[in-house]
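These notes are about the structure you will find just below.
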Amino acid sequence: MWQLNLPEYIFRIKIQNNKEYIFDNQRKKFVLCTPEEWVRQHFIRFLIAEKNYPASFIAIEKQIEVNGLRKRCDAVVYNPKYEPLAIIELKAPQIQLSQATFDQAAVYNSKLKVDYLLISNGLDHFACKVDTLNSRYAFFENIPDYNSLL
């Protein structure tokens, strides 16, 4: 598998028709283990196990509509009132995170209006507070704990 800058976790893996699948605890099913999915599984597990994000407050592949087009956020974190709190945008390890990655999350945020963005390719991780008033991001030094977002 791909080496990431995240803790190592044990996942349920299966091979079917010469393809590797990983069990997604959030969706309760096996999904094709692409490089981006490998990052998603590690990053979500990291948020739950290390940063105290409640698993029940994380939605995977949340579908939204932006300007009449269907889009899909990699994941959305909710607060205890089930209001969107953070958008998680993930890329495969070989994809360099760039302004385009943040722009993609910003497009999703035009609909969800969250306060935070979490972005990772499994190697580099960014967390920022969205400053909509000044059209800027205030970056955290590390991925924050869930309670610090509330």
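The values are calculated or read from the model by the stated rules, or taken from the named source; none is laboratory data. Since the structure is predicted, the reported quantities are computational estimates derived from the model, not experimental observations. Every residue, glycine among them, receives a Cβ derived from its backbone with ideal geometry; neighbour counts consider all protein chains shown.
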Criterion (farther than 28 Å from K29 by Cα and under 16 Å from the mean Cα position of the chain (by Cα)) met by exactly one of D115, D145, D74: D115
Consider F23 carefully, then state whether it is without any contact (Cβ under 8 Å) to a residue 24 or more places away in the chain, in a strand (DSSP E or B), out of contact with any Cys (no Cβ under 9 Å at 6 or more places or on another chain) and over 29 Å from P80 (Cβ atoms). no
Please identify the pairs in which a residue from region 56-85 that is over 17 Å from D103 (Cα atoms) and free of Cβ contacts under 8 Å to residues at least 60 places away in the same chain has its Cβ atom under 7 Å from the Cβ atom of a residue that is in a loop (DSSP other than H, G, I, E, B) and hydrophobic (A, V, I, L, M, F, W, C), counting only partners at least 6 apart or on another chain. P84/V114
From the set of residues in region 27-77 that are outside any strand (DSSP E or B) and at pLDDT below 95, which is surrounded by the most Cβ atoms within 10 Å (Cβ to Cβ)? N67
Failed item in (1) aliphatic (A, V, I, L, M); (2) surrounded by fewer than 16 Cβ atoms within 10 Å (Cβ to Cβ); (3) in contact with a helix residue (DSSP H, G or I) (Cβ under 8 Å, 6 or more places away or on another chain), with A86 passing the rest: (2)
Given the conditions (1) of a type outside the set (D, E, K, R); (2) in a helix (DSSP H, G or I); (3) over 20 Å from N79 (Cβ atoms), report the number of the one that N109 does not fulfil. (3)
Those residues of region 119-150 which are touching a residue at least 60 places away in the same chain (Cβ under 8 Å) and of a type outside the set (D, E) amount to S120, N121, G122, L123, H125, I143, P144, Y146, N147, L149, L150
Cross-chain or 6+ apart pairs with Cβ under 8 Å, region 95-115 first and more than 24 Å from P35 (Cβ to Cβ), then part of a helix (DSSP H, G or I): D115/L149
Some residue of region 43-51 being on the phi < 0 side of the Ramachandran plot, aliphatic (A, V, I, L, M) and in contact with a Phe, Trp or Tyr (Cβ under 7 Å, 6 or more places away or on another chain): yes
Go through region 118-138 and count every residue that is buried (at least 18 other Cβ atoms within 10 Å of the Cβ), modelled with pLDDT of 95 or more and more than 20 Å from L4 (Cα to Cα). 1
